[in-house]
Amino acid sequence: MAFDGVTIANVVSELRRELIGGRLYKIAQPEDDELLLTVKTQTGQRRLFLSANASLPLIYLTEENKPSPMTAPVFCMLLRKHLQNGRITDITQPGLERIVNIRIEHLDEMGDLRHKTLIVEIMGKHSNIIFCNDDNTIIDSIKRISAAVSSVREVLPGKPYFIPATQEKLDALSTDFSAFRQALSAKPQPLYKALYGSYTGFSPILAQEICYEAGLDGERPAAALDEAGYESLYAAFSKCITAIKEEHFCPAIGYQYGSPAEFSALPLTMYGETADDAAAKSAEDRKKLPHYQVHYASMSSLLEHYYAEKNTLTRIRQKSADLRRVVQTALERNVKKYDLQLRQMKDTEKRDTYRIYGELLNTYGYSAKPGDKSIRVLNYYTNEEIDIPLDPTKTATENAKRYFEKYNKYKRTFEALSELTEEVKAEIEHLESILASLDIALHEEDLVEIKEELIAGGYIRRKAGVKKQKVTSKPFHYLSGDGFHIYVGKNNFQNDELTFKFATGNDWWFHAKKMPGSHVVVKMGNATELPDRTFEEAARLAAYYSKGRDQEKVEIDYIQKKHVKKPAGAKPGFVVYYTNYSMTIDSDISGITQITE
């Protein structure tokens, strides 16, 4: 799933059509490594999203607005000073590099016309957004890179901007058959690897698509290809280059068994069926298709759809990292404690044996002779003869007393550990449920209640002078196919609130069996019965919002809320129930309507 140079070419083609001639109306920096530019064009306002995030660098047009910090970062203020109300005059891409140059003209404080360039580099961990003068001198960048960080290139104010030549790759837009054949035949690699390893801007998936179009096995060694094979491959390659030059793009996502696998700016014919064919099938049927592709009207809409959830999850993962570390540390400590307690419990299993030894010695000890190391007696509990080890320096009575002392010691240990292991086990289950809550958190406000739960549990101390944060997060809200409202708790506090304050007696309650997960409540309203389809949809939601969401099937318990109880002193989110129904179901919630409030 590479954001390659051909994808950039597609994005640049769209940006040129939509933004050239437009004026920069708003400049915002929602995150440390993101920009959101609002551009006024003749057809209306357009928003351009730019991200230099190391995990997920992106550039695309979007309809979505993002909240900005109360105080704008320094880089954002700099751009506003220079570019506010500036006009976009050109948007280019050097070759098929993963770089976009946005050329902007503006009036300086003296009223003179000036030109600046905003350079967006989509290069994985080296991604950056660099602001340059008209002579390619760096004014500033969203990430400053000193010589201590990179020996290849400094990205600092006053330094000259240049594209680092980090890879010896050829320009695909200006190659010919001779150079193509020579480049590939020199590489002792599979054909598709030789292809994307030789030319700038090509990803593995596009290289595999070219091999497929040429009717060649991409895993075949490049050096073993005959002349006819090279000609066939070059023809498919040239077709791809012509489409890029003429801007005949066709953005598509390739799916495998219902899940997005790859995307490309050009058709993925290797994925077979198209969107129309696949859309005619049910979600369950699409999951059985090995391959199919879905086409999009624009690369921006594809990227926004494909990366929207991933970008959100990446951000929330970063913001929840400290909480996750606290929970993980506490969980590891408790798991070690629990394992030690179980080993100690195992040692106490001999306690009843020592009691029986003591009782039998009190009964038959008279037959033991001084100096005996053991005595064979009848165990009247089993009617079998057993050998009891003896300390030869002690009498039978003293040996019996020693065994009773051992029995009492192990009995006390067992009783204490029985209570402790239950407490530690409950603590482990609680911490695992908090991890599950962190996994489904989508927004920063979702983390507030989780942090409060950790503070209440003593895992985190509230900083002096810091007040309790206001909770604005709400449970997920879905509407079943039959019109029933379904609510899903995002964390343990919400689970308790949902189950014991929001739900009424006849509402239905769902939860994944014996694993961390959300409480799911179906509101009955005035209905007397729940349709089978709604039962299944609520169960799917319980499966999806549980630790078992990646499993093929998850067992779900469901019961009317009036039968769900919370023991006194139990951890948040912990409940008990004794009579319930169960079903095994998948975690596909794609067909369930979510209500955003």
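The values are calculated or read from the model by the stated rules, or taken from the named source; none is laboratory data. Since the model is a prediction, treat every value here as computed from it, not as a measurement. Neighbour counts are summed over all protein chains in view; Cβ atoms, including those assigned to glycine, are modelled from backbone coordinates with ideal geometry.
Key figures
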{"item": "Any hit, segment 61-69, residues being more than 21 Å from Asn10 (Cα to Cα), touching a residue at least 12 places away in the same chain (Cβ under 8 Å), assigned by TED's automatic domain parsing to the domain that holds Asp134 and charged (D, E, K, R)", "result": "yes"}
{"item": "Odd one out for Lys571 among (1) assigned to a strand (DSSP E or B); (2) touching a helix residue (DSSP H, G or I) at 6+ places or on another chain (Cβ under 8 Å); (3) within 21 Å of Glu432 (Cα to Cα)", "result": "(1)"}
{"item": "Positions within segment 381-407 being in contact (Cβ under 8 Å) with a residue 40 or more places away in the chain and surrounded by fewer than 16 Cβ atoms within 10 Å (Cβ to Cβ), in sequence order", "result": "Lys401"}
{"item": "Long-range neighbours under 9 Å by Cβ, at least six apart or interchain, first residue assigned by TED's automatic domain parsing to the domain that holds Thr200 and without any contact (Cβ under 8 Å) to a residue 24 or more places away in the chain within segment 87-101, second of a type in the set (Asp, Glu) and surrounded by 14 or more Cβ atoms within 10 Å (Cβ to Cβ)", "result": "none"}
{"item": "Odd one out for Leu417 among (1) surrounded by 15 or more Cβ atoms within 10 Å (Cβ to Cβ); (2) modelled with pLDDT of 90 or more; (3) part of a helix (DSSP H, G or I)", "result": "(2)"}
{"item": "Counted residues, segment 513-528 - those being at pLDDT 95 or above and of a type in the set (A, V, I, L, M)", "result": "3"}
{"item": "Condition check for Gly215: on the phi > 0 side of the Ramachandran plot and at pLDDT below 90", "result": "no"}
{"item": "Residue list for segment 1-58, filter: surrounded by 20 or more Cβ atoms within 10 Å (Cβ to Cβ), of a type outside the set (A, V, I, L, M) and touching a Gly at 6+ places or on another chain (Cβ under 8 Å)", "result": "Asp4, Gly5, Pro57"}
{"item": "Matching residues in segment 535-554 - criterion: being surrounded by fewer than 21 Cβ atoms within 10 Å (Cβ to Cβ) and among the polar types (S, T, N, Q)", "result": "Gln551"}
{"item": "Count of segment 183-240 residues which are part of a helix (DSSP H, G or I) and out of contact with any Phe, Trp or Tyr (no Cβ under 6 Å at 6 or more places or on another chain)", "result": "31"}
{"item": "Lys451 basic (Lys, Arg) and either touching a Gly at 6+ places or on another chain (Cβ under 9 Å) or outside any helix (DSSP H, G or I) (or both)", "result": "no"}
{"item": "Failed criterion for Gly254 (all others in (1) in contact (Cβ under 8 Å) with a residue 24 or more places away in the chain; (2) assigned to a helix (DSSP H, G or I) hold)", "result": "(2)"}
{"item": "Qualifying positions in segment 154-171 - modelled with pLDDT of 90 or more and either in contact with a Phe, Trp or Tyr (Cβ under 8 Å, 6 or more places away or on another chain) or hydrophobic (A, V, I, L, M, F, W, C) (or both)", "result": "Val155, Leu156, Phe162"}
